[in-house]
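K.L.:
Structure in structure tokens, see below.
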Number of protein chains: 2
Amino acid sequence: MMQTPLLLTSFVKRAEQFFPDKLIISRTAENTIHRIPYRDFAKRSRKLADALTKLGMKHGTKVGSFGWNHHRHLEAYFGVPCTGAVLHMINIRLSPEHIAYVINHAEDEILLVDDNLFPHLSQLAPMLKTVKHYVIMGDSTEIPETKLENVHSYEALIEAASDDFEFPEDLDENTPAGMCYTSATTGNPKGVVYTHRGLVLHSYALGLADAMGMRERDVIMPIVPMFHANAWGMPFAAVFFGTTQVLPGPGFNPALILDLIEQEKVTLTAGVPTIWLAVLKELEKNPRDIASLRAVVSGGSASPKGLIRTFEEKYRIPFIVGYGLTETTPLVSLSVFTSKMDNLTMDERVDIRSLQGLTMPGLEVQIINEKGEVPWDGKTMGELIVRGPWIASEYYKDERTVNAFKDGWFYTGDIAVMTGDGYLKLTDRTADLIKSGGEWISSVDLENALMTHEAVFEAAVVAVPHEKWLERPLACVVLHEGQTADDEMKKQLLTYLENQFAKWWVPDDVVFLDEIPKTSVGKFLKRALRDQLTERLEEV
Amino acid sequence: MMQTPLLLTSFVKRAEQFFPDKLIISRTAENTIHRIPYRDFAKRSRKLADALTKLGMKHGTKVGSFGWNHHRHLEAYFGVPCTGAVLHMINIRLSPEHIAYVINHAEDEILLVDDNLFPHLSQLAPMLKTVKHYVIMGDSTEIPETKLENVHSYEALIEAASDDFEFPEDLDENTPAGMCYTSATTGNPKGVVYTHRGLVLHSYALGLADAMGMRERDVIMPIVPMFHANAWGMPFAAVFFGTTQVLPGPGFNPALILDLIEQEKVTLTAGVPTIWLAVLKELEKNPRDIASLRAVVSGGSASPKGLIRTFEEKYRIPFIVGYGLTETTPLVSLSVFTSKMDNLTMDERVDIRSLQGLTMPGLEVQIINEKGEVPWDGKTMGELIVRGPWIASEYYKDERTVNAFKDGWFYTGDIAVMTGDGYLKLTDRTADLIKSGGEWISSVDLENALMTHEAVFEAAVVAVPHEKWLERPLACVVLHEGQTADDEMKKQLLTYLENQFAKWWVPDDVVFLDEIPKTSVGKFLKRALRDQLTERLEEV
């Protein structure tokens, strides 16, 4: 067989050749939507490569991006790696210190920054040790007033660049193409490097009929940010398949998401459960026609069953839960149905959809405890480990590699069980597990149960120290508007759990909060919650 | 990213883990159908590996298979390559000399032979120089009477073998896994080696929603033989996705094919147009319920539009034309529709379905003539060249490599045009092109037009020598039963063509035949036809 390398370059070529008129619908500011055909996208990606090369980008140069989901970010997704350089997608929601850390640690030499984020980033400039050029991604060719030197306008660079630039076709497929950093429980974020090979294989997986089935006739809209785990790989796969893509830009909200779905006839969209909860709320208030959707993908944290049920039952839209991490590119599994599930009741459907689902073809997973691999019984918990060609093999220049990458497997730090049908079910993070009297209690199971209660908007269950049992679960609950946080409600919720769980699983108490603290990507920040509760308990 | 090799081994593991109860429905003889769950398939594949290893199979050993489509052949598809050995799928329809040639040329050491084909093969044994063992694939553990030594029963070997055998997981993904030989216009067949990497990537392509969309809930039935271009890769992909597969065994016929579709609720089937013509004939005579079919794939030679229309219009079953060659694993392209074709008339649908279609994601094609790449205008002809990770890079130990593999491209020998939408349309084989007065005439276009005439069953158009124009087209026609082959009919057919083509394209004459000679895989054998006609012309 030919040794044709698996390169992102082939995606650009394919989109340009076969789907030149298909559109990238890109919102860059309020009331500004661009409609860019793939023909122009390919030209502009080459021009970007030409412009950045003139600024000094070489094979292996790290180019940081600091922006929302829009066509310029997409051009960088290809224009940078297709030359052999590396796009470092910076999580704009990190703390200023961490943003400076990841830019310095990756040694970014050029930063592509959204115009509306530039004021924020430029304040960090004095801390940045390797950055030589700032390129402002905005609709204007003007440069904002700034004391920084070497600030360029993206559009001015594109105007001046040549689209004769040719991407090399002889790159090694293991050449790094992208980087993301993932937050750590303690310490600085950890870097993950994606190769061309990994991203190409991941794109094939997204196109499988048994996975997301992404295809030319889809209109996809990744709500998940392009700075977060490659926007789950969707922008890459969309270019490969000639799929129309809607990139919702900065400052989006539930109303805007619904408007875009309705106007652009979006067929497939993806984001965190928090987004879908908010979208449903808006939809109930101001109905839209969302019948174009063939599926909603939800991941990043557990999706409450009520949320799943509303989409599946009321709107008749498949609500697919996915699982993955920054280290896994990210797609590991999806809660798709197999043929034996054709005649499920709605309750059973919702149960299966709420699982993390079936492992993608090409990956291997195991759940292991101190005795080795656990049985597929839906009960025995263990740590989930993963391997495969789109799984990271290390943290970039980071000693913490040794804790997470062992014997060719990535240790996810997630506690899971495997159902008899081979569906993954996350029960906890290793760090969040509650060990009561030597037995594990799944905080996620308790949270999911609480979130099916009609009064509950959000719930997190955390371990609190206990003299006798060492740890006991405590429920933190945010109620829906109009509900009363009193002892009556507390009792109601605990009784609700008693009917579903063994007695020793039921939390000792319920604390009502206004909000659950979340990470920059919308996951419950249980460490902060525990700290907050500990303070509160100490105050008492 | 992890350097996890792309290996067929992972397919077996996946089927066994996630889809142990899904079935391989295997017909091994008249009235004998086995229903083997993937759990047993995986065990039996490992046992086969164990048994063959005991017979001397090592890394790189060539093991020939000489059989129809059934579960034992499928076990060999994995049991042999997953150990690092190579399965040589021998085309049982080759001439005895060519069969002996390919076995000697590949240096097969073990032959797996269907019980009902063994008498045929054993006659060739004296010519075989490298074969040390014969293994009879049949339902019995008895060995047929034979003078040959080292003849084993497949089932007896499996019985005695251990399923503790473990496939190595550290094979290089570029390790050869399979071999097929393709007939040459002159001389001996040419060998093509498939690697694990090539077959894995090809399997991903088959699963793409925009390609065949093969998935777990499909029930596939490859009619195309497992000794012909990997049965178009379907058995491999089916194991990867946990797809139910129906393997129709020896001596199948249109009635049997239809019975299996009806009984097993086949959703996807694939074969040459000749098969589908015969299947339609049988279906008209004895209707069956074939509503389970979601698509029929047709390839190997051009599909007449009447055939496509009957499936699409009368039976409402998508009839997808594919293109590929032994050298391309084989899938290169499929006549699937893109979103802009949603509102086609039936005539337009049939027109597009009759094309060879859209290039698979991951491959590149070009059509070149003496001026370089031809424009995508649907008119300008040139030779089709292909490259990509599942395209052969050479003929196995064969000097003819230099003619077909140049500058990193495979020269297919097919003449094609590209439509404005990027759909391939084959117009001829380089060897079959008609060059009349310096201009090319597409024999395939004329054949396709003739085959839309209600009186015509099959038609081939070939070049015959001409004093003035050097070559002129001659039509060879097989009429439907009940039609009269006379001058009136001849005139009718030529007028039919005159209404559709430039005058100089219309053949000078029509010759009525009882049958068009075909290759072992059902393609028109135009060389034989030309010889036959030359003889006939000389006789006159």
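K.L.:
Tell me which of these A:PRO37 doesn't satisfy, since it passes every other one: (1) within 14 Å of another protein chain (Cβ to nearest Cβ); (2) more than 27 Å from A:GLU173 (Cβ to Cβ); (3) open to solvent by 40 Å² or more (accessible area, probe 1.4 Å).
P.N.:
The single condition A:PRO37 does not satisfy is (3).
K.L.:
Now a separate question. Which of (1) part of a helix (DSSP H, G or I); (2) within 12 Å of chain A (Cβ to nearest Cβ) does B:ARG215 not meet, given it meets every other one?
P.N.:
Answer for B:ARG215: the failing condition is (1).
One line per residue, one yes/no per condition, for (1) at pLDDT below 95; (2) surrounded by fewer than 19 Cβ atoms within 10 Å (Cβ to Cβ); (3) within 23 Å of A:ALA42 (Cβ to Cβ); (4) among the small types (Gly, Ala, Ser):
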| residue | (1), (2), (3), (4) |
| --- | --- |
| A:ILE220 | no, no, yes, no |
| A:ILE223 | no, no, no, no |
| A:ALA231 | no, no, yes, yes |
| A:GLN245 | no, no, yes, no |
| A:GLY251 | yes, yes, no, yes |
| A:PRO273 | yes, no, no, no |
| A:ASN286 | no, yes, no, no |
| A:SER292 | no, yes, no, yes |
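K.L.:
What are the residues in the range B:4-19 that are at the interface with chain A (Cβ under 9 Å from one of its Cβ atoms) and outside any helix (DSSP H, G or I), if any?
P.N.:
Step one: list which residues in the range B:4-19 are at the interface with chain A (Cβ under 9 Å from one of its Cβ atoms), which gives B:4-6, B:10-11, B:13-14, B:17-19.
The answer is B:THR4, B:PRO5, B:LEU6, B:PHE19.
K.L.:
Of these, A:SER393, A:SER354, which one is away from chain B (no Cβ under 13 Å), crowded, with 16+ Cβ neighbours inside 10 Å and polar (S, T, N, Q)?
P.N.:
Values: A:SER393 fails: away from chain B (no Cβ under 13 Å).
It is A:SER354.
K.L.:
In this structure, is A:PRO235 under 29 Å from A:LEU256 (Cα atoms), in a helix (DSSP H, G or I) and either away from chain B (no Cβ under 12 Å) or without any contact (Cβ under 8 Å) to a residue 24 or more places away in the chain (or both)? It would help to see each step written out before you state the result.
P.N.:
Working: under 29 Å from A:LEU256 (Cα atoms): yes; in a helix (DSSP H, G or I): yes; either away from chain B (no Cβ under 12 Å) or without any contact (Cβ under 8 Å) to a residue 24 or more places away in the chain (or both): yes.
So A:PRO235 passes the test.
K.L.:
On to the next question. What are the residues in the range B:1-26 that are open to solvent by less than 20 Å² (accessible area, probe 1.4 Å) and under 25 Å from the mean Cα position of the chain (by Cα), if any?
P.N.:
If the condition is that a residue be open to solvent by less than 20 Å² (accessible area, probe 1.4 Å) and under 25 Å from the mean Cα position of the chain (by Cα), then B:LEU6, B:LEU7, B:LEU8, B:THR9, B:PHE11, B:VAL12, B:ALA15, B:ILE24, B:ILE25, B:SER26 are the ones that fit.
K.L.:
Among A:ILE99, A:ILE33, which is in contact (Cβ under 8 Å) with a residue 24 or more places away in the chain and in the same structural domain as A:PRO168 (by TED's automatic domain parsing)?
P.N.:
A:ILE99 is the lone residue from the list that is in contact (Cβ under 8 Å) with a residue 24 or more places away in the chain and in the same structural domain as A:PRO168 (by TED's automatic domain parsing).
K.L.:
Would you point out which residue out of A:VAL402, A:VAL374 is open to solvent by 30 Å² or more (accessible area, probe 1.4 Å), not assigned by TED's automatic domain parsing to the domain that holds A:LEU6 and not charged (D, E, K, R)?
P.N.:
On the way: A:VAL374 fails: open to solvent by 30 Å² or more (accessible area, probe 1.4 Å).
Result of the check over A:VAL402, A:VAL374: A:VAL402.
K.L.:
Scan A:GLU454, A:GLU488 and give me the residue that is assigned to a loop (DSSP other than H, G, I, E, B), out of contact with any strand residue (DSSP E or B) (no Cβ under 6 Å at 6 or more places or on another chain) and of a type outside the set (Phe, Trp, Tyr).
P.N.:
Working: A:GLU488 fails: assigned to a loop (DSSP other than H, G, I, E, B).
Going through A:GLU454, A:GLU488 in turn, just one is assigned to a loop (DSSP other than H, G, I, E, B), out of contact with any strand residue (DSSP E or B) (no Cβ under 6 Å at 6 or more places or on another chain) and of a type outside the set (Phe, Trp, Tyr): A:GLU454.
K.L.:
Which of the helices (runs of 4 or more DSSP H) found entirely inside the range B:253-355 contain at least 2 residues meeting this: farther than 21 Å from B:TRP68 by Cα? Talk me through it step by step, then tell me what you get.
P.N.:
On the way: elements: B:254-264, B:273-285, B:305-309, B:346-353.
Helices (runs of 4 or more DSSP H) meeting the threshold: B:273-285, B:305-309, B:346-353.
K.L.:
So if I check each of A:SER122, A:SER162, A:SER153, A:SER183, which one is open to solvent by 20 Å² or more (accessible area, probe 1.4 Å), polar (S, T, N, Q) and closer than 24 Å to A:ASP40 by Cα? Walk me through it before giving the result.
P.N.:
Details: A:SER122 fails: closer than 24 Å to A:ASP40 by Cα; A:SER153 fails: open to solvent by 20 Å² or more (accessible area, probe 1.4 Å); A:SER183 fails: closer than 24 Å to A:ASP40 by Cα.
Just one listed residue meets the conditions, A:SER162.
K.L.:
Contact list please: Cβ distance under 7 Å, first residue in the range A:47-60 and more than 11 Å from A:CYS82 (Cβ to Cβ), second residue basic (Lys, Arg) and open to solvent by 50 Å² or more (accessible area, probe 1.4 Å), pairs at least six apart or on different chains.
P.N.:
Cβ pairs passing all conditions: A:GLY56/A:LYS132.
K.L.:
Something else about it: Pick from the range A:326-351 the residues that are of a type in the set (Val, Ile, Thr) and under 18 Å from A:GLY213 (Cα atoms): which of them is surrounded by the most Cβ atoms within 10 Å (Cβ to Cβ)?
P.N.:
Restricting attention to the range A:326-351, the residues satisfying the condition of being of a type in the set (Val, Ile, Thr) are A:326, A:328-329, A:332, A:336, A:338, A:345, A:350.
Checking which are under 18 Å from A:GLY213 (Cα atoms) leaves us with A:329, A:332, A:336, A:338.
Working: A:THR329: 31, A:VAL332: 29, A:VAL336: 24, A:THR338: 19.
Residue satisfying both the conditions and the ranking: A:THR329.
K.L.:
Would you mind stating whether A:VAL266 is touching a Ser or Thr at 6+ places or on another chain (Cβ under 7 Å), outside the structural domain of A:ASP172 (by TED's automatic domain parsing) and at pLDDT below 95? Talk me through it step by step, then tell me what you get.
P.N.:
Numbers: touching a Ser or Thr at 6+ places or on another chain (Cβ under 7 Å): yes; outside the structural domain of A:ASP172 (by TED's automatic domain parsing): yes; at pLDDT below 95: no.
Answer is no for this residue.
K.L.:
Still on this model: Can you report the number of residues in the range A:405-418 which are within 12 Å of chain B (Cβ to nearest Cβ), without any contact (Cβ under 8 Å) to a residue 40 or more places away in the chain and surrounded by 17 or more Cβ atoms within 10 Å (Cβ to Cβ)?
P.N.:
Qualifying residue count for the region: 1.
K.L.:
Turning to a different aspect of this structure: Just one of A:ASP432, A:ASP421 is within 13 Å of chain B (Cβ to nearest Cβ) and in contact (Cβ under 8 Å) with a residue 60 or more places away in the chain; which is it?
P.N.:
Numbers: A:ASP432 fails: within 13 Å of chain B (Cβ to nearest Cβ).
Matching residue, one of A:ASP432, A:ASP421: A:ASP421.
K.L.:
Has the range A:403-422 got any residue that is under 30 Å from A:TRP276 (Cα atoms) and in a helix (DSSP H, G or I)?
P.N.:
Checking the range A:403-422: not a single residue is under 30 Å from A:TRP276 (Cα atoms) and in a helix (DSSP H, G or I).
K.L.:
Between B:VAL365, B:VAL386, which is within 11 Å of chain A (Cβ to nearest Cβ), farther than 14 Å from B:LYS425 by Cβ and not small (Gly, Ala, Ser)?
P.N.:
Working: B:VAL365 fails: farther than 14 Å from B:LYS425 by Cβ.
Criteria check complete, one pass: B:VAL386.
K.L.:
Tell me which residues, restricted to the range B:419-450, are aliphatic (A, V, I, L, M) and either within 17 Å of B:LEU334 (Cβ to Cβ) or open to solvent by less than 20 Å² (accessible area, probe 1.4 Å) (or both). Even if it seems obvious, please write down each step before you answer.
P.N.:
So the first thing to find is which residues in the range B:419-450 are aliphatic (A, V, I, L, M), and the list is B:424, B:426, B:431, B:433-434, B:441, B:444, B:446, B:449-450.
Result: B:LEU424, B:LEU426, B:ILE434, B:ILE441, B:LEU446, B:ALA449, B:LEU450.
K.L.:
With the structure loaded, tell me whether A:LYS43 is open to solvent by 40 Å² or more (accessible area, probe 1.4 Å), in contact (Cβ under 8 Å) with a residue 60 or more places away in the chain, among the charged types (D, E, K, R) and part of a helix (DSSP H, G or I) or whether it fails that test. Steps first, please.
P.N.:
On the way: open to solvent by 40 Å² or more (accessible area, probe 1.4 Å): yes; in contact (Cβ under 8 Å) with a residue 60 or more places away in the chain: yes; among the charged types (D, E, K, R): yes; part of a helix (DSSP H, G or I): yes.
Criteria met by A:LYS43.
K.L.:
Here is a further query. Out of A:LYS435, A:LYS397, I need the residue that is touching a strand residue (DSSP E or B) at 6+ places or on another chain (Cβ under 8 Å), part of a strand (DSSP E or B) and either modelled with pLDDT of 90 or more or farther than 21 Å from A:ASP514 by Cβ (or both). Which one? Give the derivation first.
P.N.:
On the way: A:LYS397 fails: part of a strand (DSSP E or B).
Selected residue: A:LYS435, the only one of A:LYS435, A:LYS397 that is touching a strand residue (DSSP E or B) at 6+ places or on another chain (Cβ under 8 Å), part of a strand (DSSP E or B) and either modelled with pLDDT of 90 or more or farther than 21 Å from A:ASP514 by Cβ (or both).
K.L.:
Could you count how many residues in the range B:193-212 are among the acidic types (Asp, Glu) and more than 7 Å from chain A (Cβ to nearest Cβ)? Break it down into steps so the answer makes sense when it comes.
P.N.:
Within the range B:193-212, the subset among the acidic types (Asp, Glu) is B:210.
Keeping just the survivors that are more than 7 Å from chain A (Cβ to nearest Cβ) gives none.
Of the residues in that region, 0 qualify.
K.L.:
Okay, moving on. Look at A:LYS22 and say whether it is in contact with a helix residue (DSSP H, G or I) (Cβ under 6 Å, 6 or more places away or on another chain), in contact (Cβ under 8 Å) with a residue 24 or more places away in the chain and within 14 Å of another protein chain (Cβ to nearest Cβ). Outline the logic, then answer.
P.N.:
Values: in contact with a helix residue (DSSP H, G or I) (Cβ under 6 Å, 6 or more places away or on another chain): yes; in contact (Cβ under 8 Å) with a residue 24 or more places away in the chain: yes; within 14 Å of another protein chain (Cβ to nearest Cβ): yes.
Yes; evaluated as a whole, the condition is true for this residue.
K.L.:
Please go through the range B:116-149 and give me each residue that is without any contact (Cβ under 8 Å) to a residue 40 or more places away in the chain, under 28 Å from B:GLU30 (Cβ atoms) and among the acidic types (Asp, Glu), ordered by number.
P.N.:
B:GLU142, B:GLU145
K.L.:
Under 6 Å between Cβ atoms, which residue pairs at least 6 apart in sequence (or on different chains) link something in the range A:150-167 that is within 24 Å of A:LYS13 (Cβ to Cβ) with a partner that is open to solvent by 50 Å² or more (accessible area, probe 1.4 Å)?
P.N.:
The qualifying pairs are A:ASP163/A:LYS43.
K.L.:
Say whether the condition of being within 14 Å of another protein chain (Cβ to nearest Cβ) and over 21 Å from B:ARG39 (Cβ atoms) is met by at least one residue in the range B:181-191. Walk me through it before giving the result.
P.N.:
Step one: list which residues in the range B:181-191 are within 14 Å of another protein chain (Cβ to nearest Cβ), which gives B:191.
Filter again for over 21 Å from B:ARG39 (Cβ atoms), leaving B:191.
For the range B:181-191, residues within 14 Å of another protein chain (Cβ to nearest Cβ) and over 21 Å from B:ARG39 (Cβ atoms): present.
The values are calculated or read from the model by the stated rules, or taken from the named source; none is laboratory data. Note that the structure is a prediction, hence the values are computed from the model and not measured. Quick reminder, even Gly has a Cβ in these numbers, built from the backbone with ideal geometry, and neighbours come from all protein chains shown. The accessibility values were calculated without ligands, DNA or RNA, using every heavy atom of the protein model including side chains. Shrake-Rupley method; radii C 1.70, N 1.55, O 1.52, S 1.80 Å.
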